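Below is one structure, written out as structure tokens; the observations come after it.
The values are calculated or read from the model by the stated rules, or taken from the named source; none is laboratory data. Since we're looking at a predicted model, the values are computed, not measured. Note: ideal-geometry Cβ built from the backbone for every residue, glycine included; neighbour counts use all protein chains shown.
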Amino acid sequence: MKNFLTIFFVTIALIIPVDQIHAKEDKELRKQRQEAQKERQAEKKERNQEITDAIKSFAEFTATLRYEYPPLLKEIDTEFEFKQVDLQADRNAKIAEVEAENQTMWASLLMPQGGGQNMEALKKIEEKAKIQSDKLFRLKEEAAQTAHKGKMASEKKKHALLQQRDNRALEEAASLGLTKKYTPIMATPIGGELTRQEKQWNKREKNGIDQIQLRNLKIIQEFKNGEKLREWELKNFDEDFQLQRDEKRELHALESQQRFFNSLLMQATQGAEVNQQEMMAKFAELGKQTKLVKIKYDTVRKKNSITRREEKKKLEKG
């Protein structure tokens, strides 16, 4: 019995100090973890405030840019408009001369002829009418091409200014830290391994950094993707112009024939040797061909609109 009590009390004496040591260690670890958590929270608060201040500063800077550049762009537009006035005046003078020639030609065509005109004579007039009509069309087409080139050059000048604006905005964004990738403020193991709370913190921090990157990207997106969007829009502008010219060329050929057959209709009332049934069939065919041409180009434009809508979405996303 005496030996049993001795062993019991020795055992108690050995156990109690160990438990006290573990308790002391656990308390110390909790204290260290709490201090580390406070440091992380303070770092995160400082980082978030830094980002908030940067976003505010960037908004103020870009507001100044948006106020500064429109007058400069307007100057380029005004310069282009003045040039267009002179070009249009020159074009109108040349067109007026050719139109006067056309009126004289059509007047001779419609003037009553003794005994009417045979088909051979009318064929020669048709050839002459086509030459005059093509001459007028080429003149208008050259004028349109000149105006288009002027507009393209003007837009490129504006794009250079806007690129300067974008570069300034991106440089400011970089200086404010809006273009950098932030490093997550991660919890590190204290006393062997991460606690459940520390693991959750790290997960939230990684997700938070991704959200910061996405938000900052959206803020600078307009300036980052500006050049690509402007080049894309200018390319579309040029394509649309060329498409319009192609359509006008096809329609011009049909319209020239229609004008001639209209003249033939007038001649038919003056005794010219024309086959009215054949002429009406020609009218019907020309009308059909005109509609088909318009349908063809309308289809191309609609498809372009769909394609460009999707292309723009991709460009805006970067």
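A few points about this structure:
- Matching entry among Leu214, Leu229, Leu251 (being more than 30 Å from Leu176 (Cβ to Cβ) and either modelled with pLDDT of 90 or more or under 29 Å from the mean Cα position of the chain (by Cα) (or both)): Leu251
- Beta carbons closer than 7 Å, at least 6 apart along the sequence or on distinct chains, pair a first residue in segment 185-210 that is among the hydroxyl-bearing types (Ser, Thr, Tyr) with a second that is buried (at least 16 other Cβ atoms within 10 Å of the Cβ) and part of a helix (DSSP H, G or I) for Thr195/Arg33.
- Any hit, segment 193-207, residues being surrounded by fewer than 16 Cβ atoms within 10 Å (Cβ to Cβ) and among the aliphatic types (A, V, I, L, M): no
- Close pairs (7 angstrom Cβ cut-off, 6 or more residues apart or separate chains): over 12 Å from Glu142 (Cα atoms) in segment 78-95, surrounded by 13 or more Cβ atoms within 10 Å (Cβ to Cβ) and of a type in the set (A, V, I, L, M, F, W, C) anywhere: Gln84/Ala147
- Within segment 300-318, residues that are at positive phi and in contact (Cβ under 8 Å) with a residue 60 or more places away in the chain sit with their Cβ atoms under 9 Å from residues that are surrounded by 12 or more Cβ atoms within 10 Å (Cβ to Cβ) and among the aliphatic types (A, V, I, L, M), at 6+ positions apart or across chains, in these pairs: Gly318/Leu217.
- When Ala63 is tested against (1) small (Gly, Ala, Ser); (2) part of a helix (DSSP H, G or I); (3) over 22 Å from Thr146 (Cβ atoms); (4) at pLDDT below 95, only condition (4) is not met.
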